[in-house]
Amino acid sequence: MTPLFQILAAQDVAPEVIDRIPSGYSHFVIPFAVGITFMLCWLLVGCVRLLAAIPRHDRLTFFKSLFIPKTIVRNLKDLFGDCLLHLKIWRRKPLLGYMHSAIAFGWFMIIVLGHIEVALFVPKRLSVTNGGLFYPIFYRYFVWMNPGHTTLRGSFFFFLMDFFLLYILSGIALAVFKRFRSIVLGMRHTTKPSLADRVALYSLWLIFPLRLLAESFTADLSGGSFLTVGVNRFWHLLFGDKLWFTPCWWAYSISLGLFFVAMPFSRYMHILTEVLWILLRNAGIKPNHPRKGVAEAEIYACSSCGLCLDACPMNVQKKNLKYSSVYFIRFLRRHNEKKISAIADKCLMCDKCHALCPVGVDAPALRRAQRATENNSLPFDYSCISAVDTGLAATGVWAPDASRPVRVNGRPDALPPDPSPQESLPDASRPVLYFAGCMTRLTPRIIKAVESVFEAAGVDYVFADREGGMCCGRPLMLAGRNDAAAKLIEANKKMIEESGCSTLVLSCPICYKIFKEEYRLEGIKVTHYTQYFNELIASGRLKVEKTDRKLVYHDPCELGRGCGVYFEPRAALGKAGTLVKASMEYDESICCGGSLGSLTLDVKDRAKIAEASLKSLTAGSPDTIVTACPLCLKTFSEAVANSGSPMNGVAVKDFAEVLRG
Amino acid sequence: MVDFGFGLVPSSRINLDLFDREKYDKLTAIEPDARICISCGSCTAVCTAGQFAHTSLREALDDILNANPDKALESLRSCQLCGKCAMVCPRGINTRHLILSIIKVYSGE
């Protein structure tokens, strides 16, 4: 059987396309050829160096992941969705999404279609020795359409090429407009471009208008569709019969060459490097250094699009713009040690920039890695913990029992607390362990409400740190002290495993995140109290009275973006009152400003963030702000108390308090 | 010298000549909040690590001013950076950064 393409090819007796320039070369291609060769060499060397810097087992995981069908599907989906179509931006800001996808997808299609055209009409030119590097790009210059022999197939490609060129040009027009009025496209702040960025940016803007110019000048020779032929007629009207087109092709080639030479030093390297980052990301490889290996792929994948600028809660004040993730990554790329360290310490670690990043660059993880380079080696001494844990872990709880003297500030002679009746019972049969955590201990109202919910639902529970416990280790990790955190994790893990519980309930999202991700508690279900209480309500064990209160729920950073818990708290609160919307919710929620993540942000700046967050929450004029984090509760309570009269009517309550009426 | 049986308790003796101005300036440069502490002791009262071992930011700051940085480091070595002290500080001191900075500046070399 004859293949279809041969039948189609055989139908033409006279050739459709004639080599106008038999050598397939003209001097104007030199700038482009030099530029792209330089860029590709740079990219190749960079990729090899990067892969060599990754630890061996990670490299193996990476190569293996390229052959796992599930990962292949995910890679393809992400490469098309994130790199070309920019679906993530489309969903949030359609006009901006259109702009990005027009340039990325349009350009991709023009390159692909150009190669298909060459493959169909002059296939010998595809080989590298025959000009394959530049021929498909400047195809229209080298060929002559045999008049009267243009087939439907040829016209189809003419149309597609013109269509995608117009698509790109509309995107470029939006991009130019965005330089002057970015707010129309939904961006309040945009990134300040560096010098190399500017060179690449202006040549990028020129590439496509020049392509239109060049192709329209030759459209009567090499064919075209609605756009190029139309413009071609206009040139004929203007300049007469003979068009002198070589300068246009020179200009087009020079703009391409300039762009490719500037590319490795500008943000536009992301066009190619983000492919590598997406493959590494989907292989599940995490950076362990702020600059080397995987981190480098992340740094070069950042397109400096500036979406993290508006996302960052610190940027309610313009002076804090310089601490945004986009600039952090830029300084990492430039090895500007002093600025890197200052920026890394400022961040609240709310993870919003990561959640909203079009290619998922995990800047907070890089900041943590940067902090670790400075703080991980600082001395610490947790010998006191191992000294006490044996006695306490045996009872399944941290609370010292009556027979053991309590250690207050190192003096073992202080008063022992009254042993509560609950703790004196045998614990092994208890199925539920409640761990309040340090922060909750400073907001006793949460503990009171949680205990009252447990009692109302008839849950048999043990309060692990009623008499005080250790920190979960998450604050240490946020400060980059991973080794110290490991000690606390080890001690806490021992305590929990020896308690024999089946479920661990946490009322602090900070604890919840680390218990879930780092503790690896075999056979123990780790849940946040919002999830657990929602389950209790769903199973009918907990009765909640529906009132006519208007509630607004604040997504704590560590619970929402950190652990993906968005729906359980809302489902439960929906049973206790009417939920109203905040202007920013789910992964767009604004940090309360009290986050432990930041090391150096001062009180005044934090207050401004709390103010912005409250403004978003009170958009639907609720009478109660509900949160599920002790830090948020405290920050908001203070912010509401300190704010002006309109805010005074709003109550700030904890999730458990609302369930109890 | 004749011993009259009187004397200062050695541990309470403060020799301000030993005060390291250079290091203190370095500390206040990276964390200016070191200067605004009023030694109220709220941080120490709520300290998580304080349940297990002697831990006190208030004492650490006093010890630094009293030219006893080793004792200051000892008061902070069990710190778990949980941040409760920052939540209760009436002066709004960035306690976690202050603690890290003290350890960084005084445990160097």
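Structural remarks
- Cα-based helix-to-principal-axis angle, A:152-180 vs chain A, degrees rounded to 10: 50 degrees
- Applying a 4.7 Å cutoff between beta carbons, the unpaired cysteines of chain B are B:CYS37, B:CYS40, B:CYS47, B:CYS79, B:CYS89.
- Spatial separation of Cα centroids for segment A:122-196 and segment B:25-52, in angstrom: 61 Å
- P(r) tail, segment B:39-109: Cα-Cα pairs separated by more than 20 Å, 19% of all pairs.
- Chain A - Cys residues lacking any other Cys C-beta under 4.7 Å: A:CYS41, A:CYS47, A:CYS83, A:CYS248, A:CYS302, A:CYS305, A:CYS312, A:CYS347, A:CYS357, A:CYS384, A:CYS501, A:CYS563
- Applying both filters, DSSP loop and at most 11 other Cβ atoms within 10 Å, to the GluC sites (Glu not before Pro) of segment A:450-489 eliminates every site.
- Alpha-carbon Rg with Dmax, taken over segment A:231-387, Å: 22.8, 96
- Gain on full extension, evaluated as 0.36 nm per residue between A:TRP244 and A:ARG92 minus their Cα-Cα distance, stands at 50.1 nm.
- On the beta carbon distance between A:HIS236 and A:LEU76, with R0 = 45 Å, the FRET formula returns roughly 0.50.
- Between A:HIS149 and A:THR61, the C-beta separation translates, for a Förster distance of 45 Å, into a calculated FRET efficiency of about 0.25.
- Cα gyration tensor shape for segment A:550-659, rounded if a/c is under 1.5, else prolate or oblate: oblate
- Residues in segment A:166-207 reached by a label modelled at A:PHE38 [backbone nitrogen below 15 Å; 7 Å Cα→Cβ]: A:196-201, A:203-204
- Residues A:VAL326, A:VAL544, sorted so that the one with the fewest Cβ neighbours within 10 Å comes first: A:VAL544, A:VAL326
- Rounded to 10°, Cα long-axis angle of helix A:444-456 versus longest principal axis of chain A: 80 degrees
- Likely footprinting exposure, A:ASP555, A:ASP548, fewest C-beta neighbours within 10 Å first: A:ASP548, A:ASP555
- Shape of segment B:1-71 from the C-alpha gyration tensor: oblate (a/c of 1.5 or more and a/b not above b/c, with a ≥ b ≥ c the square roots of its eigenvalues).
- Here A:LYS493 is the anchor, and the lysines within straight C-alpha reach of less than 20 Å, apart from those fewer than 8 places off in the same chain, are A:LYS513, A:LYS516, A:LYS525.
- Zone residues, segment A:286-321, relative to A:ILE68, backbone N less than 15 Å from point 7 Å out along Cα-to-Cβ: A:286
- Residues listed by number, segment B:21-39, amide nitrogen under 20 Å from A:ASP602 label point at 7 Å toward C-beta: B:24-39
- To the nearest ten degrees, helix A:567-576 and the longest principal axis of the Cα atoms of chain A are 50 degrees apart.
- Shape of chain A, Cα gyration tensor, a/c cut at 1.5: prolate
- Over 24 Å between alpha carbons, listed pairs A:LYS178/A:LYS292; A:LYS322/A:LYS608; A:LYS93/A:LYS178; A:LYS178/A:LYS604: A:LYS178/A:LYS292; A:LYS178/A:LYS604
- Cβ crowding within 10 Å, taken as a proxy for footprinting-reagent exposure, orders A:HIS86, A:HIS115 from fewest neighbours to most as A:HIS115, A:HIS86.
- With 19 Å as the limit on Cα-Cα distance, the pairs of A:LYS192/A:LYS286; A:LYS575/A:LYS653; B:LYS26/B:LYS104; A:LYS318/B:LYS104; A:LYS448/A:LYS634; A:LYS64/A:LYS88 that go past it are A:LYS192/A:LYS286; A:LYS318/B:LYS104; A:LYS64/A:LYS88.
Read-outs throughout are calculated quantities, based only on the coordinates presented, and are distinct from any laboratory measurement. Owing to the predicted nature of the structure, the values given are computational and were not obtained by experimental measurement. When we count neighbours, we look across all protein chains shown, and the Cβ atoms used for this are built from the backbone with ideal geometry, even at glycine.
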